[in-house]
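The values are calculated or read from the model by the stated rules, or taken from the named source; none is laboratory data. Just so we're clear, the structure is a prediction, and the values are computed from it rather than from any experiment. Cβ sites come from the backbone with ideal geometry, for glycine too, and all protein chains shown count toward neighbours. Only protein heavy atoms, including side chains, enter the accessible area calculation; ligands, DNA and RNA are left aside. Shrake-Rupley method; radii C 1.70, N 1.55, O 1.52, S 1.80 Å.
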Amino acid sequence: MSQAFSTGHSPLGTDLRSAMIADADDVARLLTELGYPCEIDEAAERIDAIAANDRQALVLARRDGAVCGLVALDYMYYLPLGTITCRVTALVVTPTSQGLGIGRQLLKEAERRARTGGAARIELTSGSQRTEAHAFYRACGYKDSSVRFVKQLGA
């Protein structure tokens, strides 16, 4: 499902490409910005795990040569519908790049990759406190569909 090629430049001057180990510092920074503190070595391990799994993808957005956003994808078989679902597991754009259409561009790329990967639908989850993100997702055509429950598993 992951792709190693650049999708080229958009009219916004932003290019998208799959993440590489060399991007670990940018990925760590973006994940930390999203609220998931991450060290560079951890980000490198995560990039490596995604690159080794054809059911996952990690796409970076760059503007003027600097990484300014990412979207992570996970493809799974969804038993209730008997189809493949693509889940956006992370989407973040740097504060200085928000409002420039980069988030929309990343979501469009996620949707393109989901279709190419055989997914019948794409879904995402978002913390209940992220009200601005919810408005953004709705504006991009996503609908509220379910409530998510999480339980942390101890050792």
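Give the carbon-plus-sulfur fraction of the accessible surface of the range 20-136 in %, rounded to a whole number; probe 1.4 Å, heavy atoms of protein chains only.
On the way: 3220 of 6160 Å².
Solvent-exposed carbon and sulfur of the range 20-136 make up 52 percent of the total.
Tally Lys and Arg at +1 and Asp and Glu at -1 over the other residues with C-beta under 13 Å from the C-beta of SER145: what net charge comes out?
In short, +3.
Taking every DSSP beta bridge that has both residues in the chain, what percent is antiparallel when rounded to the nearest 5?
On the way: 24 of 29 bridges.
Looking only at bridges with both residues in the chain, the antiparallel portion is about 85 percent.
Any idea of the accessible area per residue across the chain, 1.4 Å probe, to the nearest Å²? Numbers along the way, then the final one.
Numbers: 9240 Å² over 155 residues.
I get 60 Å² per residue for the chain.
Using only the Cα atoms of the chain, construct the convex hull and provide its projected area averaged over every direction, in square nanometres to one decimal. Provide the component values of the computation, followed by the final result.
Values: hull surface 39.8 nm².
One quarter of the hull surface, i.e. the mean projection, equals 10.0 nm².
With helices defined as uninterrupted DSSP H runs, which ones in the chain have an alpha carbon span along their own long axis of at least 30 Å and mean Kyte-Doolittle hydropathy of at least 1.6?
On the way: long enough: none.
For the chain, where a helix must reach 30 Å along its axis and average at least 1.6, there are no hits.
Under a Cβ-only charge scheme (Lys and Arg +1, Asp and Glu -1), can you give me the dipole magnitude of the chain about the Cα centre, in debye to the nearest 20? Mind dumping the intermediate values first?
Working: 18 positive and 18 negative charges, 162 e Å.
My answer is approximately 780 debye.
Among 55-66, 126-137, how do they line up from the highest to the lowest mean number of other beta-carbon atoms within 10 Å?
55-66, 126-137
Per the helix-only calculation at 222 nm, which mean residue ellipticity applies to the chain, given -39500 (n - 2.57) for every DSSP H run of n ≥ 4 and division by its residues, nearest 500 deg cm²/dmol? All intermediate terms of the calculation are to be shown ahead of the outcome.
Working: 4 runs with 47 residues, N = 155.
Taken over the chain, the calculation gives -9500 deg cm²/dmol.
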